[in-house]
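The structure appears right after this line, and notes come after that.
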């Protein structure tokens, strides 16, 4: 069996957008004398449509409906985006993308975020040219993002490869579940935030992509 394509998550896997978001909300909650409920936020990581948790509404409820939710959201958006804009690409990602290109492997993104978010960051980071296909929440029906398999199945279709000819890279429980449901090999690469979550079902786990050269990783899966 030969691996022909790699499929990458975006948020938390290529760029750690998740830790800054949680850090900002945690600071906002603490400023009002409360602790952010990480377990509720965690349900949204890597997938949308499975949780309707609204941090601003939840905080306002704790504060007795005395807060301006629009102002809370505005502060969160401004500060989290500033931090994300200064965050580096995660270790080893560039080596994997360049290595995949040298080996003529197909490359795709499969993200529960929208194209507007993903495409803009990929362009800003100088990575968008690596990918043959970019599949986002806009490309599947509402409520069918991860942990549903739809994003990965569409990526396979667009890359024109079978499930056993691809490897998915994910950082979250929702993403790993989605890859399992699509029948694709999955490598979990948790970040500092998602390493706190219970991730199950991965075929291989790495601390970062710099831990194992792409050629060695491919050899592991192609031997199966």
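Using mean Cβ contacts within 10 Å as the protection proxy, how do 127-133, 103-109 order, highest first? Don't jump to the answer; show the numbers that get you there.
Values: 127-133: 16.4, 103-109: 19.1.
Going by the mean number of other Cβ atoms within 10 Å, highest first, we get 103-109, 127-133.
Relative contact order for the chain: what is it in percent, counting Cα pairs under 8 Å that are at least 6 residues apart? Before the final figure, lay out the partial values.
Values: 367 pairs, mean separation 62.6, N = 224.
Averaging sequence separation for qualifying contacts and normalising by length gives 28 percent for the chain.
Using the alpha carbon gyration tensor of the chain, what are the three equivalent-ellipsoid semi-axes (square root of 5 times each eigenvalue), largest first, in whole Å?
Numbers: eigenvalues 210, 58, 51 Å².
For the chain, the semi-axes come out at 32, 17, 16 Å.
Report, to the nearest 10°, how far helix 18-31 tilts away from the longest principal axis of the Cα atoms in the chain, using its own Cα long axis and a range of 0 to 90°.
10
Report the full-extension gain for the segment residue 116 to residue 207: residue separation times 0.36 nm, less the Cα-Cα distance, to one decimal in nm. Show your work: numbers first, answer last.
Values: separation 91, 0.36 × 91 = 32.76 nm, distance 2.86 nm.
Going from the current span to full extension adds 29.9 nm.
Would you calculate, for the chain, the mean residue ellipticity at 222 nm contributed by helices, counting each DSSP H stretch of 4 or more residues as -39,500 (n - 2.57) and dividing by all residues, to the nearest 500? Before the final figure, lay out each step's value.
Details: 9 runs with 93 residues, N = 224.
Theoretical 222 nm ellipticity from helices: -12500 deg cm²/dmol.
7 Å from Cα along Cα→Cβ at both residue 68 and residue 219: what's the point-to-point distance in nm?
6.1
Cβ neighbours within 10 Å, averaged per peptide: list 140-146, 185-191 in order, most packed at the top. It would help to have the intermediate numbers written out before the result.
Details: 140-146: 17.4, 185-191: 23.3.
Peptide ranking by packing, descending: 185-191, 140-146.
So how far, in whole Å, is the C-alpha centre of region 167-224 from the one of region 59-74?
Region 167-224 and region 59-74 have Cα centres separated by 37 Å.
Starting from the Cα of residue 101, step 7 Å along the direction of its Cβ; do the same at residue 35; then give the gap between the two resulting points in nm.
In this crude label model, residue 101 to residue 35 measures out at 4.6 nm.
Against the longest principal axis of the chain, how steep is helix 173-182, in degrees 0 to 90 to the nearest 10, with axes from Cα atoms?
Relative to the chain, helix 173-182 is tipped by roughly 40 degrees.
Read-outs: derived from the displayed coordinates by stated rules, not from any lab. On a predicted model such as this, the values are computed, not experimentally measured, just so you know. Note that we place each Cβ from the backbone using ideal geometry, even for glycine, and neighbour counts take in every protein chain shown.
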